[in-house]
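First up is the structure itself, then whatever we jot down about it.
None of the figures in this text is laboratory data; all of them are computed from the coordinates on show. Since we're looking at a predicted model, the values are computed, not measured. Because the Cβ atoms are built from the backbone with ideal geometry, glycine has one as well, and the counts that use them run over all protein chains shown.
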C-alpha cells in the first residue's frame with residue numbers, strides 16, 4: 001500500500017520504526033514526500049508536525065551517536081597512549097587520530113620554543129609540501145601564534161581572507177603552496193601555561209562546529225598530558241640516574257674508606273715499631289697489588305717490591321723516573337699512564353720519592369694510600385736519620401779528636417771509638433778521606449747531603465775547620481774523587497770541590513790523609529778547578545813534584561825563576577812575569593801570546609829577550625827549562641792561596 005494511502009496511525013507507526021531502526025535519509029525523505037502529497041486536512045497537519053518532531057529526535061540521536069563514537073575514540077586514544085613510551089610516537093598517534101576523527105585534510109601540532117619564545121611545527125600530517133613543516137611563528141602571528149598568545153580556540157573558513165589573522169608573508173606562502181583554506185586550532189596547556197597548539201586544516205572552505213572544537217580540545221589535552229608525562233618521566237629518569245650515581249659513589253666512597261682504613265691500620269704500626277724501608281715498600285706493594293719502589297733524590301733505588309703479574313722493571317727505570325720529576329714538584333706527580341710518584345718529605349727535608357707502577361687506571365684511593373705510605377716512609381727516614389745523627393755525633397766527636405791539631409792519646413781514642421755505638425768507627429779499617437766545600441750552598445746543606453751519602457756507604461761526615469770532612473770505608477779514592485762531588489752537587493744545587501786522600505788504615509794514617517786531602521782541596525781552589533774532585537796523584541806534574549820536594553827546594557826554584565822577574569817588574573814598571581805566563585798559556589807561540597795579551601808581536605819578542613837577560617840564560621825556552629819555569633809559575637800562583645808550610649809538609 002503506498003505511503004499516501006496509509007492512515008494517520010499507520011504513518012506515525014512507520015515514522016517510529018524508521019527512528020528506531022536508524023533508517024537512512026532516503027527512507028525519511030520518502031515518508032515526508034508521501035505526507036506532503038496527502039489531501040489537506042487535520043490528519044496531514046498532524047503528520048507534518050510529527051515529521052518535524054521526528055527530525056529533531058533524529059538529529060539528537062545522531063549527535064548522541066557521534067559523541068559516543070568520539071568518546072569511544074578518545075578512550076581508545078588514551079588506552080593507546082598508555083602503551084606508548086616514546087613521546088614522538090605518542091604525539092604522532094594523537095595527530096593521526098585527530099585527522100581521522102575530524103575528517104580533515106591536514107593536522108598539525110605546534111609547540112612553543114622555550115629558548116626563542118616562538119612557535120614551531122613539531123608534527124605535521126597530511127601536508128603536500130615541505131615548506132609548511134618548517135614554519136616558525138612569533139606569538140600572536142598566524143593561527144598557531146594567535147592561539148598560543150590568547151590561549152583561546154580559533155577557527156576560520158578562509159585563512160587568507162580572515163582579517164583577524166596577522167599573517168607573516170613566508171608563512172602565508174607556505175599555506176598557499178599547501179593549498180590550505182580553512183583552519184581550526186585549540187591551545188595545549190600545562191596548568192596555566194600554554195605550551196603549544198593542535199589544529200586541523202582543509203583545502204576547501206569549512207565551518208567547524210562547536211562539538212568539533214570540543215573534540216579537538218580533548219585531543220589537545222591528551223597531547224599536553226603526553227608532553228607533561230614525558231617531562232615527568234624524563235625528570236624521574238634523571239633523578240633515578242642521579243640516585244644510582246650517588247649510590248655508586250657512596251659505595252665507592254665506602255670501599256675507599258674501608259681500604260684507606262685498612263691501609264692506615266697497617267702503616268701506623270710500622271712507624272711505631274720502626275720498620276725498615278724495604279718492609280714498608282713490600283707492604284705497600286701488597287696492598288696496592290702493584291710495583292713499588294723507594295728512590296732517593298738522585299734516583300738510587302733504596303728498596304723495591306713487585307706483586308705477581310706486575311712487571312718488575314721499575315727499579316731499572318727508577319733513575320729515569322727521578323729525572324722526570326721537577327725539582328720544585330711539591331705533591332704527587334703522574335709521570336705517565338702507569339707511573340705515579342709521591343714525595344717522601346718531612347718539612348723542608350727531601351728524602352726522595354715513593355714510586356707506584358701499575359698496569360691500568362689507578363683509583364684515587366690508591367693514590368691517597370701511596371701518599372700516606374710516603375708520609376710513613378718520611379717518618380721512618382726521619383727517625384733513622386735521628387738515630388744516625390746521634391751515632392754520627394758520637395763518632396764525630398771521635399773523629400774531631402782524631403783530626404785535632406794536637407795529637408790525641410791513641411789508647412783513649414780507641415776506647416772512645418768502640419763506645420760510639422753498633423756502627424762505631426773502626427780505625428783499623430781502610431778509609432778514604434774527603435775534604436770539601438760548596439759554592440752557592442751553605443755548609444749546613446752540604447753537611448746534611450754528605451751525611452746521607454756517608455750513611456749509605458757506612459761512613460761518617462762532620463764539619464771540621466770550615467770544611468766538610470767525610471770518611472768512607474772501603475771506597476777507592478779515585479772513585480770517591482769522581483762520584484762524591486758529582487752526587488753532592490746535584491743534592492745541594494752547588495759546585496762541590498773535593499780533595500781526596502787515602503786509603504788509611506790507622507789513626508795516624510787517617511790524620512795524615514786528612515792533611516793531604518785538605519792540601520789537595522786547597523790546590524784545586526788555587527788552580528781554579530772549583531766544582532771538581534781529585535787526589536794528589538790526579539793533579540798531574542804539580543802533584544808529583546810536591547810529593548817529592550822540600551820547602552827549601554821550592555824556595556830555590558822560585559828564587560831562580562819568578563823572583564828576578566818580580567823584582568824587575570817592580571823596579572821598572574814592566575810586565576815580564578805576565579808576558580811569560582801568557583807565552584806558556586799560548587803553547588809557547590809568541591804571536592798567539594801577543595794576540596791573547598793584546599800586544600804587538602814585536603813587543604812580545606822584545607820582552608822575551610829582556611827575560612833572557614834578567615834570568616841570565618835562554619834555557620827557559622827549551623823543553624827541560626820550560627818545565628821548571630811553568631812549575632814555578634804554578635807554585636807562585638798557589639802560594640797566594642796556600643802558605644808554603646801548608647803546601648809542603650815538613
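Averaging sequence separations of C-alpha pairs under 8 Å and six or more residues apart, then dividing by the length of the range 109-253, give the relative contact order as a whole percent.
19 percent
On a full-extension model of 0.36 nm per residue, what is the gain between residue 210 and residue 566, subtracting their alpha-carbon distance, rounded to one decimal in nm?
Residue separation times 0.36 nm, minus the Cα-Cα distance, leaves 115.1 nm.
Can you sort 129, 98, 437 by how many other beta carbons sit within 10 Å, fewest first?
129, 437, 98
With contacts defined as alpha carbon pairs under 8 Å and 6 or more residues apart, what's the relative contact order of the range 546-647 in percent?
Taking the mean separation of contacting Cα pairs over the length of the range 546-647, I get 29 percent.
Going by average Cβ neighbours within 10 Å, how do the peptides 406-416, 461-471 rank, with the highest at the top?
Peptide ranking by packing, descending: 461-471, 406-416.
Eigenvalues of the Cα gyration tensor times 5, then square-rooted: what semi-axes does that give for the range 468-517, in whole angstrom, largest first?
Result for the range 468-517: semi-axes of 22, 11, 8 Å.
Using r as the Cβ-Cβ distance of residue 118 and residue 244, and R0 as 25 Å, what FRET efficiency do you calculate, to the nearest 0.05?
E(calc), rounded to 0.05, equals 0.10.
Using 0.36 nm per residue, how much length does the chain from residue 551 to residue 152 gain when fully extended, once their Cα-Cα distance is taken away?
Going from the current span to full extension adds 131.4 nm.
In a Debye calculation with equal point scatterers on the alpha-carbon sites of the range 84-234 and no solvent, what is log10 I(q)/I(0) at q = 0.14, 0.15, 0.19 Å⁻¹?
These q points yield log10 I(q)/I(0) values of -0.59, -0.69, -1.16.
If each residue's Cβ is checked for other Cβ atoms within 10 Å, how do 248, 569, 105 rank with the fewest at the top?
With the sparsest Cβ surroundings first, the list reads 248, 569, 105.
Applying 1/(1 + (r/R0)^6) with R0 = 30 Å to the Cβ-Cβ distance of residue 624 and residue 506, what FRET efficiency is obtained, to the nearest 0.05?
About 0.15, to the nearest 0.05.
What's the FRET efficiency of residue 463 with residue 349 using the Cβ-Cβ distance as r and R₀ = 30 Å, to the nearest 0.05?
Using R0 = 30 Å, I get an efficiency of 0.95.
Residue 129 versus residue 367, label points 7 Å from Cα toward the beta carbon: distance in nm?
6.1 nm
Give me 141, 628 ranked fewest to most by other Cβ atoms within 10 Å of their Cβ, as a rough exposure proxy.
628, 141
Any chance you could run the full-extension gain for residue 176 through residue 483? It's 0.36 nm times the residue separation minus the Cα-Cα distance, nm to one decimal.
101.1 nm
What distance in nm lies between label points placed 7 Å from Cα along the C-beta direction at residue 337 and residue 22?
So the label points at residue 337 and residue 22 sit 7.4 nm apart.
Just to compare against my own numbers: the Cα pair-distance distribution for the range 426-534, 10 Å bins, whole % per bin, please.
Bin by bin from 0 Å, the calculated values are 18, 55, 25, 2.
So, in nm, how far is label residue 476 from label residue 272 when the simple model puts each one 7 Å beyond its Cα toward the Cβ?
Modelled inter-label distance: 4.9 nm.
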